[in-house]
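Below is one structure, written out as structure tokens; comments come after it.
The values are calculated or read from the model by the stated rules, or taken from the named source; none is laboratory data. Not measured: the values here are computed from a predicted model. Backbone-built Cβ (ideal geometry, glycine too); neighbour counts: all protein chains shown. When the accessible area is computed, the model is the full protein with side chains, heavy atoms only, and any ligands, DNA or RNA have been set aside. Shrake-Rupley method; radii C 1.70, N 1.55, O 1.52, S 1.80 Å.
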Amino acid sequence: MEAVDFTNYPAEIQSAANKYEEFIRARLEPDLTQVVADRDAVYNRMSEYLKLKTHIETIRSQNLDELETKVDLGSNFYAKAFVPDTEFLFVNVGFGFHLQMTLNEADEFIDQKVNHMEKLADKYTEEANQIRAKIKMASTLCMVR
């Protein structure tokens, strides 16, 4: 598609085309950026839960009673950690709260949490697709084939 030169069109058409372009720049593109960032944040949190599930499976498969590991303190800065009893672990359940759970409880919680997060990520993906469609529609109003 090539851009249309609206300078030879009446002022109303020029004004309408400028409004559509401004709407795309000021509203739709920032909305799309935010929705994609929100979806990516959900995928990152989901990844953390799936890592925990993998650790739980390792504890079970190797029948570990205690565990020596490294804990990510943030920004890929790790500290050594020793877990004297692997019967219980603390799981982030959201809003800054952590609950002590057995391995089975944590496993079940993670499955439910990941299922919920997949639905949330799908919702964000659908919302992003709708915004992209609106951008395309608004763009075609200012373009010609």
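A Gaussian network model of the chain, with springs between Cα atoms under 10 Å, assigns the largest mean-square fluctuation among L52, L120, L99 to L99.
Dipole of the chain computed with +1 at Lys/Arg Cβ and -1 at Asp/Glu Cβ about the Cα centre; of Y124, A81, S61, farthest Cα towards the positive end is Y124.
Calculated FRET efficiency, K51 to A133, Cβ-Cβ distance, R0 = 30 Å: about 0.30 to the nearest 0.05.
Accessible area of the chain with a 1.4 Å probe: how many percent of it is carbon plus sulfur? The partial results should precede the final answer.
On the way: 5710 of 10710 Å².
Solvent-exposed carbon and sulfur of the chain make up 53 percent of the total.
Report, by chain and number, residues whose modeled amide H sits under 5 Å from the one on V83, excluding near sequence neighbours (fewer than 5 apart, same chain). So V83 has HN proximity to L67, E68, T69.
In summary, segment 27-142 shows an alpha-carbon radius of gyration equal to 1.44 times the 2.2 N^0.38 Å reference for compact globular proteins.
Which chymotrypsin sites (Phe, Trp or Tyr not before Pro) in segment 37-145 pass both tests, a DSSP loop state and at most 14 other beta-carbon atoms within 10 Å?
Those satisfying the criteria are F77, F95.
Evaluating 6.51 cos²θ - 1.76 cosθ + 1.60 at θ = phi - 60° for every residue in segment 62-77, the Karplus couplings come out as 9, 6, 7, 9, 9, 8, 10, 8, 10, 10, 6, 8, x, 6, 6, 9 Hz, glycine and proline recorded as x.
Each Cα pair under 8 Å and six or more residues apart adds its sequence gap; the mean of these over the residue count of segment 63-145 is a relative contact order of 15 percent. Relative to the longest principal axis of the chain, what angle (0 to 90°, nearest 10) does the C-alpha long axis of helix 11-23 take? Approximately 10 degrees, to the nearest 10. Total lysine pairs in the chain at Cα distances under 23 Å, for residues eight or more apart or on different chains: 15.
Pick from K70, K123, K19: which residue has the top mean-square fluctuation in a GNM of the chain where Cα pairs under 10 Å get a spring? Evaluated over the chain, the most mobile residue of the options is K70. The magnitude of the dipole of the chain, with charges of +1 and -1 set on the Cβ of Lys/Arg and Asp/Glu and taken from the Cα centre, is near 560 debye.
Principal axis extents of the Cα atoms in segment 14-80, from largest to smallest and rounded to whole angstrom, are 73, 23, 8.
The residues of segment 27-98 have, on average, 75 Å² of accessible surface per residue, using a 1.4 Å probe with all protein chains present. Loop-located GluC sites (Glu not before Pro) in segment 56-112 (DSSP state not H, G, I, E or B) with no more than 14 neighbouring Cβ atoms inside 10 Å: E66, E87.
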